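Right, one structure below, let's go through it.
The values are calculated or read from the model by the stated rules, or taken from the named source; none is laboratory data. Not measured: the values here are computed from a predicted model. A quick note on method: Cβ atoms are made from the backbone with ideal geometry, for glycine too, and the neighbour counts reach across all protein chains shown. Accessible surface areas use protein heavy atoms only, side chains included; no ligands, DNA or RNA. Shrake-Rupley method; radii C 1.70, N 1.55, O 1.52, S 1.80 Å.
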Amino acid sequence: MDKLDVKLWTLAAKGQIVPDRSLLKTPEQIKAIQESADLNTAVLDHVAAHIRKGMSTEEIDRLVYDYTTQHGGIPAPLNYQGFPKSVCTSVNNVICHGIPDENEILKEGDIINVDVSTILNGYYSDASRMFTIGQISPEAEKLVRVTKECVELGLKAAKPWGHLGDIAYAINTHARQNGFSVVEDIGGHGIGLEFHEDPYVSYVTPKGSEMVLVPGMMFTIEPMINEGSPEFYIDEGNGWTVYTIDDGLSAQIEYMVLITENGVEVMTK
Ligand code: MF3
Ligand code: CO
């Protein structure tokens, strides 16, 4: 048992949820995962440079597939548990896991989340951004702005030896103060060696609850913020796409982060 084991064991004995040592990335792993994350950011930048009114979400899929593979990577969503495309594109009332479609054309006033996940040399990275098409409504503008603020506040609340719940509390509080709701039962996840690792990251849990944040932990901060009801349903036809139950708008922004000795680092956003 080394010093860290003793510290984790002591916390566990006090009833805290602590990560398994296998969830704490080594410096070598962090370096390799950061290379994957850098490609992931470049893919998002590539989408940002080309997304426009009149484009189909299928074209976004092609941008992501071509750029990723031309740079030696593999789009992580492609064939992941049967997901048919290289990226998730979630427009307006779609909360997440929208499937790119040649018949879905971006139009003035749309808001869209583009969720890019990359495998490079076997290492995984994941981040998503919101894009707005032309002139959007003031309510949509506020939703996108508040979602960004939520993620930034969540990031600020992430501290070594703090808790995952601190992040959730910061996010949920800000969303609700602005009259919005946070989706429950769909959350973030550990990442790096696999696409989805422990822990599951909720954005509705209380401050001081859930897993202790230990240096070397890597996970996503990716709250889904709804204009109206937080309730959702999943498309029965494709088994993936998640819609708001009330047809209200939903926004999501995802950062992939690393807990360090001194704080937190964003690996891709
Ligand atoms: N990037 C999504 C996430 O944060 C990926 C969902 S799985 C997929 O978990 F197959 F839809 F890509
Ligand atoms: Co993710």
Under 13 Å, Cβ to Cβ, from LYS31 - net charge with Lys/Arg +1 and Asp/Glu -1: -3
Quarter of Cα convex hull surface for the range 1-150, i.e. mean projection, nm²: 11.8
Computed magnitude of the charge dipole of the chain (debye, nearest 20; Cβ of K, R +1, Cβ of D, E -1): 940
Net length gained if the chain between GLU194 and ASP235 were fully extended (0.36 nm per residue, minus Cα distance): 12.2 nm
Dipole-positive endmost among ALA170, GLY134, ILE119 within the chain (Cβ charges, Cα centre): ALA170
The range 69-132 versus the range 217-248: alpha-carbon centroid distance in Å: 14
Entries of LYS14/LYS148; LYS142/LYS269; LYS25/LYS142; LYS53/LYS142; LYS107/LYS269; LYS7/LYS269 with Cα pairs more than 29 Å apart: LYS14/LYS148; LYS25/LYS142; LYS7/LYS269
Separation in nanometres of the label points that stand 7 Å from Cα toward Cβ, at LYS107 and ILE245: 2.8
Directionally averaged shadow of the range 149-206, computed from the convex hull of its alpha-carbon atoms, nm²: 4.2
Accessible surface of the range 24-268, 1.4 Å probe, proportion on carbon and sulfur as whole %: 49
Charged-residue dipole, Cβ positions (Lys, Arg, Asp, Glu), the range 57-167 about Cα centre, Debye nearest 20: 460
Along each principal axis, Cα extent of the range 113-181, largest first, Å: 41, 31, 16
FRET efficiency, GLN135 to GLU265 (Cβ-Cβ, R0 30 Å, nearest 0.05): 0.25
Under 17 Å from the THR26 label point (7 Å along Cα→beta-carbon), backbone N, the range 121-141: 122-124
Rg/Rg_globular for the range 24-268, with Rg_globular taken as 2.2 N^0.38 Å and Rg from C-alpha atoms: 0.95
Qualifying trypsin sites (Lys or Arg not before Pro) for the range 40-119 [loop in DSSP, other Cβ within 10 Å: at most 14]: ARG52, LYS53, LYS107
